[in-house]
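Just below is one structure, and these are the notes that go with it.
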Amino acid sequence: MSSAPLIALALSVLLGAVPFAPASETAPEPPALSAEEQAALTDLAQTPAAWFEEQSFADAIGRLPHYDEVRLSRYLAYRTKGSWTLEQVLRIVNTDNDLPRYTAAADAELADGNLILVNKYSRLASDYVPDDLVTVEPAYSNGGKLKSEVNDAFCDLVEALWAETGLHLVNISPYRSYSLQSSLYARYSARDGAAAADRYSAHAGYSEHQTGLALDVSVPGGTLNGFKKSKQFEWMRDNAHRFGFILRYGEGMEYITGYKFEPWHYRYVGTEAAAFIYENGLTFEEYYAYYVRK
Ligand SMILES: [Zn+2]
């Protein structure tokens, strides 16, 4: 066993969760580093002992983009946590993933509109209901509602998919109320145990589906799990951003997003943010931390 799984295990024990995989080889590429930043990483990689020296660790991480001086002690805590890369340490701490999930959560910022962050650190009230829900166009849906703007964007997306590929796609789970999410999570955790359920199902109040901005899709008559192998998934992965949607829980990014890879789950953020997130290979947590959070 390499040290990476051990570290993931240690972190998950700390967080009271099941072990989760560190970033895989399929994780999105981070933005290119400058020569100086690359030199700092190379120095550190060539001298493993430097990881355990506070000053050299601080110097190296201090040269990375999005370094946050206020979080220095939290970065430094990872000196003794093994084989996360320096960039991963930065991502983890900058998105608060070093804090305990759920218990460290704060209220989501409703004023962020389409860029609202809802995850294991940012929750919605039990009585929050989006104010402009509409029934999703029946031709593209098994039922349910989305925010009006999101429904329009989803219809455009499905029509473009059809025009460009001749393939079809349906929404099978859009807006969910707090109470529906509560019963879903109760069912999954009873079946699989809370730790396993936490990797794919949100506690009530912590689900993006309550925002009316998120939806799960499948091929007509298909299943969520089957979607990954479909041509529709390939198209969605490469084109959803043109319509304002992002693949929200990317492969190998569970240590940031808190969820296993979900090829079927898309989140509306608007075309500008979606294009930026797609082009830079970011998680929404990182985008929020760097460009939305004040
Ligand atoms: Zn979903």
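Observations
- Virtual spin-label span in nm between SER179 and LYS260, 7 Å along Cα→Cβ: 3.0 nm
- With K and R counted +1 and D and E -1, the other residues having a Cβ less than 12 Å from that of ARG267 yield a net charge of -2.
- For segment 152-294, the square roots a ≥ b ≥ c of the C-alpha gyration tensor eigenvalues yield an a/c of 1.5 or more together with a/b not exceeding b/c, which makes the shape oblate.
- From least to most packed, judged by other beta carbons within 10 angstrom and beginning with the fewest, VAL70, VAL93, VAL269 follow the order VAL70, VAL93, VAL269.
- Set of lysines near LYS229 by C-alpha distance (under 28 Å), chain-local residues within fewer than 8 positions excluded: LYS145, LYS260
- Computed 3J(HN,Hα) for segment 108-124, one whole-Hz value per residue from the Karplus formula 6.51 cos²θ - 1.76 cosθ + 1.60 where θ = phi - 60°, is 5, 8, 4, 5, 6, x, 5, 9, 4, 9, 10, 7, 6, 10, 8, 10, 9, glycine and proline marked x.
- Within-12-Å neighbourhood charge of LEU99 [Cβ basis; K, R +1; D, E -1]: +2
- Distance between the modelled labels on ALA190 and SER34, one decimal in nanometres: 5.7 nm (7 Å Cα→Cβ projection).
- Residue-wise HN-Hα coupling along segment 245-258, computed from phi with Karplus coefficients 6.51, -1.76, 1.60 (Hz; x: Gly, Pro): 9, 10, 6, 7, 10, x, 5, x, 10, 4, 5, 10, 7, x
- Here each label is just a point 7 Å from Cα along the line to Cβ, and for LYS229 and LEU72 those points are 5.3 nm apart.
- Normalising the average separation of contacting C-alpha pairs (under 8 angstrom, six or more residues apart) by the number of residues puts the relative contact order of segment 106-293 at 21 percent.
- Within-14-Å neighbourhood charge of LEU161 [Cβ basis; K, R +1; D, E -1]: -3
- The Cα atoms of segment 117-172 give a gyration tensor whose axes a ≥ b ≥ c have a/c of 1.5 or more with a/b greater than b/c, which makes the shape prolate.
- Residue order, fewest to most surrounding Cβ atoms within 10 angstrom, among TRP235, TRP264, TRP84, TRP162: TRP162, TRP235, TRP84, TRP264
- Annotation: the residues TYR291, TYR255, sorted from fewest to most other C-beta atoms within 10 Å of their own C-beta, follow the order TYR291, TYR255.
Coordinate-derived values only; no laboratory data. Since the structure is predicted, the reported quantities are computational estimates derived from the model, not experimental observations. Positions of Cβ are backbone-derived with ideal geometry, glycine not excepted, and every protein chain shown enters the neighbour counts.
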